[in-house]
Amino acid sequence: MALYNMDRSNPTYYTDPGKVKAYTELHLPVVISNTSAIVPFVKKFCCGEVISNIKEELGPTLIEIKNNYEKYQNGLRKFNDHFYYEKYYGERFSFLS
């Protein structure tokens with residue numbers, strides 16, 4: 001889980017937290033607070049769930065992941081392929097070659 005303080009004064013709001021990618025590399029679906037730059041990719045690839053209220057949403061979210069685990073595993077493969085370091089950074093820093 002990557003649950004963060006969602007206040008805009010928290011630096012995580014503006015970052016791409018590394019632990020999310022560490023979890024996905026281990027093929028673990030992510031539960032993340034609705035903050036940070038990685039959230040759109042978690043949604044796009046369906047490699048986890050984004051929640052806004054921990055008390056109300058965490059339990060049902062974990063049940064959702066458990067009941068649809070294969071869907072999240074497919075999303076994790078797509079997410080990891082997208083962010084594969086040689087591909088991802090190779091494309092973004094091709095101007096250095």
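The values are calculated or read from the model by the stated rules, or taken from the named source; none is laboratory data. A quick note: this is a predicted structure, and the numbers were derived from the prediction, not measured. As a convention, Cβ positions derive from the backbone with ideal geometry for all residues, glycine included, and neighbour counts pool all protein chains shown.
A few points about this structure:
- Unique residue being at pLDDT 95 or above and of a type in the set (D, E, K, R) when the list is K87, K44: K44
- Residues being touching a Ser or Thr at 6+ places or on another chain (Cβ under 9 Å) and of a type outside the set (S, T, Y) - total across region 46-74: 6
- Residues of region 42-77 classified as within 15 Å of K21 (Cβ to Cβ), out of contact with any Cys (no Cβ under 6 Å at 6 or more places or on another chain) and buried (at least 19 other Cβ atoms within 10 Å of the Cβ), total: 4
- Residue match in region 1-19 (condition: out of contact with any Leu (no Cβ under 6 Å at 6 or more places or on another chain), hydrophobic (A, V, I, L, M, F, W, C) and modelled with pLDDT of 90 or more): no
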